[in-house]
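A.B. asks: One structure, as structure tokens, below. Some questions next.
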There are 2 protein chains.
Amino acid sequence: MAQQPPKSYLALKELSQKIHTYTSILGLLHWDQETYMPSGGISPRSHQIAQLSHLIHKERISPSFKKQLGKLIHFSTGKPKVKNLLKCARINVREWHKDFLRATKLPASFVKNASQLTSEASQVWAVAKQSNQFKLFAPFLEKIVAMNRKKADIFGFADHPYDALIEAYEPCMSTARIKHIFTPLRKELEKLLKKINAKRSVENPLLTKEVSKETQLALSHQLLSLLPAEPAYTRLDISSHPFSLALHPHDSRITTRILPHAFMSNIFSILHETGHSFYEMGLPTEHWGTPLGETISLSIHESQSRWWETRIGRSLSFCKLFYPRIQKEIPRFKHMPLKDFYRSMNHVKPSQIRVEADEVTYCLHVILRFEIEQELISGALQVNDLPEAWNAKMQEMLGLTPATDTEGCLQDIHWSLGDFGYFPTYALGNLFASQFFTSFEKGHRDWESRVEAGDLVFIRDWLKENIHQWGRTYTSDELAKKVTGKPLDASAYLAYLNKKYAEIYQF
Amino acid sequence: MAQQPPKSYLALKELSQKIHTYTSILGLLHWDQETYMPSGGISPRSHQIAQLSHLIHKERISPSFKKQLGKLIHFSTGKPKVKNLLKCARINVREWHKDFLRATKLPASFVKNASQLTSEASQVWAVAKQSNQFKLFAPFLEKIVAMNRKKADIFGFADHPYDALIEAYEPCMSTARIKHIFTPLRKELEKLLKKINAKRSVENPLLTKEVSKETQLALSHQLLSLLPAEPAYTRLDISSHPFSLALHPHDSRITTRILPHAFMSNIFSILHETGHSFYEMGLPTEHWGTPLGETISLSIHESQSRWWETRIGRSLSFCKLFYPRIQKEIPRFKHMPLKDFYRSMNHVKPSQIRVEADEVTYCLHVILRFEIEQELISGALQVNDLPEAWNAKMQEMLGLTPATDTEGCLQDIHWSLGDFGYFPTYALGNLFASQFFTSFEKGHRDWESRVEAGDLVFIRDWLKENIHQWGRTYTSDELAKKVTGKPLDASAYLAYLNKKYAEIYQF
């Protein structure tokens, strides 16, 4: 007979599922706001979101949650009070304890002030970006930096205040660890970029000629029909910024956008968001609403999206599968050879905007932000000096100077939302993806011919088996060790880029 | 200086707005389920809805609500404890008191059992309807009838247990009052139907020939552009059953459906749902979240939808405005004269299905249900005898006998959801609409020429000024008296039908 878990465990599970149900409702409010909500609905929607977020926070820090948790573990040490808990239950209790400690550290007044500040700041940021007026945003950014310093003090840190901020997005990383990975990565990427810049461009202007919305949508649906997502569990819509949002493994939605002069952006967005969606759909439904049914971290989430967008979507074998469909829908490609298309869609060209960056320069954009964030938090850089510091680094790393702050330090929304420590996960995701990919390749030496033939199910299944099914059983580093035999480093990513781009640029 | 309301009033207002915010979120869960939710999302959606409904019920009956209310009024009598409350506040307090008493009458166990029963019953009903097996549904319907009797006992009633059930949907009506209105109405409608049946059909088969989805959508958007709804506050989507759902006066959504062989059904659905939506959009936003910002009753809501669908949409002047657009989109109407189109779209023909009924037979379908519901609740009719009773009444009233229970007593979902006392509001809505219309016509003798010229704003504004702006200030009967000088009766409705159909059928 299966062992019955203690009552307090079952009570915690119920509370946890209740919180997740509210969180999934909150997800729908966001999804609707970005897709179908009439514009007049924005003010009532803000109230709905604020009220539900407040309720969720209250439930997370509720005395009954603490009481039940306290029956299972010693609060100060996390050591178990109850023996013989099954492994699954032990993991959930461990993660509930972590979450509870984090959620209860910030005083209610701090949370409220932070929410008011960032709500105002993100509106000011939008105006400042639109009108290229950094000065408008600067006083808000100063307050946000101060708020993040205070947050770091409240959470506590061993080495650098930035450590405490990273933890919210990638619990197993520290400033020193990321520096240790990013410093040589930056050097190697700059070296690779130099080699590429010395070669002739492989860009073909046919890829940026206008493609109608109808044709792009037709390609979207052909792509979806190739991807092994259960149609009953997902849907595709249009929004101004592509995103993926899962209410449940059986209701996981993605969006894309249609840019008339960049039809491949739609294709890569769908691949990227489907990668996120596969992760959510691959979580074990029997653990829904508990940490075992949750994703590990933003880095691992990003590893899944970048896996499908870059390692699969930007591969030659995927081109072999999908390019004939493009040629059929867009007749001007009829006479362009596959190899030329493949090379052009992978061309490398430094640009000002992170979200438009190619595979080689993308991490440089992220490293730039990582360096600046640390300096802002430590006080080594003052907010007023940010545009100058940004522009200098852009010149150093990419050989470009932004003409305006709009395409410089005002381009991303993250800081206005208070999100410091978030950016590194974009680069770490690429690194994790490539490190996982080396293991995947070892087990599937024929992956390229299978992709070419339209078989993608085995890839999704490999990711489900090796990553998705574990929920929060492992930290991201533990998972890297389990799957690849070693903790995260940049070697697999650099080896991939160096090999791929040496072929494309022929050096 | 404006008088500051007492603290307890402000606290109640905040609680009331909180409940409304949750209710609007619940609305979005329903809207999404009927429009865009992936089919796999149904099970998590049911959990989300159940959890949020439970929370809303808890907030409605919360001790803090009772405590604050008790500071303003004597709970048993409803008499004020506080003097000098402004009129607005007095109305809100009066309605909060009513709502609270009603919400607290049903024990939690009753609510839970009812919800489980109807959830199961509605699934069984769908199978029973699909497979024409009344016997499957009968045991559930028996339980639902028993549950409704118990509900009536708990709420209490003076005369007929059915009175207590009607009150949930139309607070100012009683069984006797409705009987008093419906009995002569039935006779008069049967008389009118006989006259019509004696005449030659005015139906033209061109109206039921297939029209493509694209053409129907083009007509939908032309219709929307004529209707005076603020585009920023509304949107149109497709669902299997048309509905209207407002999250807020500034976010009020409607749906329609596209039936290939009934293109006018789409047009009438949009007019009907827009009528509901105008009501919601016309409520005073400054009172949002309190009774003064709520609609009165289902009957008054239905009066608004039927106003736009029938009194405007089925009028000759609206035909003059819209038929040229139909002729342009559907070339086969090029040579059909306006009068013939108008007569055909208003043709009267008894059918089995309520939702497809014309203006003359519609209320007969409703009266049939009203008569049967009362008898089921009083025990005069046994559930097992329902199909026979239904078919006999159909024969009596419409001269038809359903070939199957699927198109007979199983056609509507309402009973499976536990909704007894709901049906009469469909007919009362028509009656209210026509009674209001007589007052509207007195003030706007030129309404037909204005509609013909495309001016519809003055109609919406008249409804807003006379009906929408008052929220729940008046009961539906008080509103009828205020707007038309007398309580509701069927005279205006019968005068309208007799005049219109005498012209159409030339008797």
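Every number in this text was worked out from the coordinates using simple rules, so none of it is lab data. Computed from a prediction, not measured in an experiment: that's the story for all the values here. Heads up, the Cβs are rebuilt from the backbone with ideal geometry, glycines too, and the neighbour counts pull from every protein chain shown.
A.B. asks: Only Lys, Arg, Asp and Glu count, each charged at its Cβ (+1, +1, -1, -1), so figure out the dipole size of segment B:7-105 about its Cα centre, rounded to 20 debye.
C.D. replies: Details: 18 positive and 6 negative charges, 191 e Å.
Here segment B:7-105 has a charge dipole of around 920 debye.
A.B. asks: If I take the Cα coordinates of chain B and project them onto the principal axes, what are the three extents in Å, biggest first?
C.D. replies: Taking max minus min along each principal axis of the Cα atoms, chain B gives 70, 60, 49 Å.
A.B. asks: Once the dipole of the protein assembly as shown is set up with Lys and Arg at +1 and Asp and Glu at -1 on Cβ about the Cα centre, which of B:PRO107, A:TRP307, A:ILE504 lies farthest towards its positive end?
C.D. replies: B:PRO107
A.B. asks: For segment A:99-115, what does the Karplus curve 6.51 cos²θ - 1.76 cosθ + 1.60, with θ = phi - 60°, yield as ³J(HN,Hα) per residue in whole Hz, taken in order and with x for Gly and Pro?
C.D. replies: 4, 5, 4, 5, 5, 8, 5, 7, x, 3, 5, 5, 4, 5, 4, 4, 5
A.B. asks: A further question on this structure: Along the principal axes of its C-alpha atoms, what lengths does segment B:7-105 span, in descending order and rounded to whole Å?
C.D. replies: 55, 24, 18
A.B. asks: Net charge near B:PRO228: determine it from the other residues with C-beta under 10 Å of the C-beta of B:PRO228, scoring Lys and Arg +1 and Asp and Glu -1. Each step should come with its number before you reach the end.
C.D. replies: Values: positive: B:ARG460; negative: B:GLU230, B:ASP455, B:ASP461.
Local net charge: -2.
A.B. asks: In addition: Taking the Cα centre of chain A as the origin, how large is its charge dipole in debye, to the nearest 20, when only Lys and Arg (+1) and Asp and Glu (-1) carry charge on their Cβ atoms?
C.D. replies: On the way: 64 positive and 53 negative charges, 236 e Å.
Computed charge dipole of chain A: roughly 1140 debye.
A.B. asks: May I pose another question? If you count, for every residue in A:12-24, the Cβ atoms of partner chains within 10 Å of its Cβ, what is the mean? Before the final figure, lay out the partial values.
C.D. replies: On the way: counts 0, 0, 0, 0, 0, 2, 3, 0, 2, 7, 5, 0, 6.
Counting Cβ atoms of other protein chains within 10 Å of each residue's Cβ and averaging gives 2.
A.B. asks: Using helices alone, I'd like the mean residue ellipticity at 222 nm for the protein assembly as shown: each DSSP H run of four-plus residues gives -39500 (n - 2.57), total over residue count, nearest 500. Walk me through the intermediate numbers first.
C.D. replies: On the way: 40 runs with 619 residues, N = 1014.
About -20000 deg cm²/dmol.
A.B. asks: Could you work out the relative contact order of chain A, using alpha carbon pairs under 8 angstrom and six or more residues apart, expressed as a whole percent? Show your work: numbers first, answer last.
C.D. replies: Numbers: 652 pairs, mean separation 97.5, N = 507.
RCO, chain A: 19 percent.
A.B. asks: Still on this structure, I have one more. Put +1 on the Cβ of each Lys and Arg and -1 on the Cβ of each Asp and Glu in the protein assembly as shown; which of A:ILE166, A:PHE137, A:ILE372 then has its Cα farthest toward the positive end of the dipole?
C.D. replies: Among A:ILE166, A:PHE137, A:ILE372, the one farthest towards the positive end of the dipole of the protein assembly as shown is A:ILE166.
A.B. asks: Also: Give me the Kirkwood hydrodynamic radius of segment B:359-507 in Å, from all C-alpha pairs, to one decimal place?
C.D. replies: Details: mean 1/r = 0.0554 Å⁻¹.
For segment B:359-507, the Kirkwood estimate is 18.0 Å.
A.B. asks: Before anything else, pin down the relative contact order of segment A:316-443: Cα pairs under 8 Å, at least 6 apart, normalised by residue count, whole percent. Numbers along the way, then the final one.
C.D. replies: Working: 87 pairs, mean separation 27.2, N = 128.
Rounded, it is 21 percent for segment A:316-443.
A.B. asks: What FRET efficiency comes out for A:LYS135 versus B:SER491 if R0 is 51 angstrom and r is the Cβ-Cβ distance? Round to the nearest 0.05.
C.D. replies: On the way: r = 70 Å, r/R0 = 1.38.
Efficiency, from the Cβ-Cβ distance: 0.15.
A.B. asks: Using the crude model of +1 on Lys and Arg Cβ and -1 on Asp and Glu Cβ, and no other charge, please compute the dipole size for the protein assembly as shown relative to its Cα centre, in debye to 20.
C.D. replies: Details: 128 positive and 106 negative charges, 314 e Å.
With only Lys, Arg, Asp and Glu charged at Cβ, the dipole is about 1500 debye.
A.B. asks: Can you list the residues, at least 5 places off or on another chain, whose amide H is less than 5 Å from the amide H of B:CYS409, using H built in the peptide plane?
C.D. replies: Counting only residues 5 or more places away or on other chains, the set is empty.
A.B. asks: Related question: Give, as a single signed number, the net charge of other residues whose beta carbon lies under 14 Å from the beta carbon of B:GLY379, with Lys and Arg counted +1 and Asp and Glu -1. Spell out each step's value before the answer.
C.D. replies: Numbers: positive: B:ARG149, B:LYS150; negative: B:GLU142, B:ASP153, B:GLU373, B:GLU375, B:ASP385.
So the surrounding residues net to -3.
A.B. asks: A follow-up question, please. Would you mind calculating the gained length between B:THR23 and B:GLU203 on full extension (0.36 nm times residue separation, minus the Cα-Cα distance), in nm to one decimal?
C.D. replies: Working: separation 180, 0.36 × 180 = 64.80 nm, distance 4.39 nm.
Extra length available between B:THR23 and B:GLU203 comes to 60.4 nm.
A.B. asks: Let me ask something additional. Per residue, what volume in Å³ does the Cα convex hull of the protein assembly as shown take up? If you can, show how the numbers build up before the last one.
C.D. replies: Working: hull volume 213.2 nm³, N = 1014.
For the protein assembly as shown, the hull spanned by Cα atoms encloses 210 Å³ per residue.
A.B. asks: Still on this model: For B:GLU14, place a label point 7 Å from Cα along the Cα-to-Cβ direction in every copy; what are the distances to the other copies, in nm, shortest first?
C.D. replies: Copy-to-copy label distances for B:GLU14: 3.0 nm.
A.B. asks: For B:GLU465, which inter-copy label distances result when the label point lies 7 Å beyond Cα on the Cα-to-Cβ vector, reported in nm to one decimal and in ascending order?
C.D. replies: In nanometres, ordered from closest: 7.4.
A.B. asks: With the crude spin-label approximation of a point 7 Å out along Cα→Cβ, what separation in nm comes out for A:THR285 versus B:GLU286?
C.D. replies: Computed distance between label sites A:THR285 and B:GLU286 equals 5.1 nm.
A.B. asks: First measure r as the distance between the Cβ atoms of A:GLU210 and A:GLN506, then evaluate 1/(1 + (r/R0)^6) with R0 = 35 Å and state the FRET efficiency to the nearest 0.05. Mind dumping the intermediate values first?
C.D. replies: On the way: r = 30 Å, r/R0 = 0.87.
Approximately 0.70, to the nearest 0.05.
A.B. asks: Given a Förster distance of 41 angstrom, what is the FRET efficiency for A:GLU120 paired with A:ASP340, based on the Cβ-Cβ distance and rounded to 0.05? Show your work: numbers first, answer last.
C.D. replies: Values: r = 50 Å, r/R0 = 1.21.
After rounding to 0.05, the efficiency reads 0.25.
A.B. asks: Quick one: what are the phi-derived ³J(HN,Hα) couplings along segment A:464-471, Karplus 6.51/-1.76/1.60 with θ = phi - 60°, whole Hz, x for glycine and proline?
C.D. replies: Running phi through 6.51 cos²θ - 1.76 cosθ + 1.60 with θ = phi - 60° gives 5, 5, 8, 10, 4, 4, 7, x Hz.
A.B. asks: Which whole-Hz couplings ³J(HN,Hα) result when phi for each residue of segment A:220-226 is put into the Karplus expression 6.51 cos²θ - 1.76 cosθ + 1.60, θ = phi - 60°, listed in order with x for Gly and Pro?
C.D. replies: 4, 6, 5, 5, 4, 5, 7
A.B. asks: In addition: Long-range amide H contacts for A:ILE238: which residues qualify at under 5 Å (H placed 1.01 Å from N, peptide plane, sequence gap of 5 or more or a different chain)?
C.D. replies: Those qualifying (amide H under 5 Å, at least 5 residues apart or on another chain) are A:THR256.
A.B. asks: Quick one: net charge of A:ARG45's neighbours, Cβ under 12 Å, K/R +1, D/E -1? Intermediate values should be presented prior to the final figure.
C.D. replies: Numbers: positive: none; negative: A:ASP32, A:GLU34, B:ASP251.
Spelling it out: positives minus negatives among the neighbours equals -3.
A.B. asks: Evaluate the distance, in nm, between pseudo-label points positioned 7 Å from the Cα of B:HIS414 and of A:THR104 along their respective Cα→Cβ axes.
C.D. replies: The answer from the label model is 5.2 nm.
A.B. asks: Right, here's the next one. Which residue, chosen from B:GLY443, B:LEU479, B:ALA453, occupies the Cα position most advanced towards the positive end of the dipole of segment B:443-482, where the dipole is computed from +1 (Lys, Arg) and -1 (Asp, Glu) charges on Cβ about the Cα centre?
C.D. replies: The one lying farthest along the dipole's positive direction is B:LEU479.
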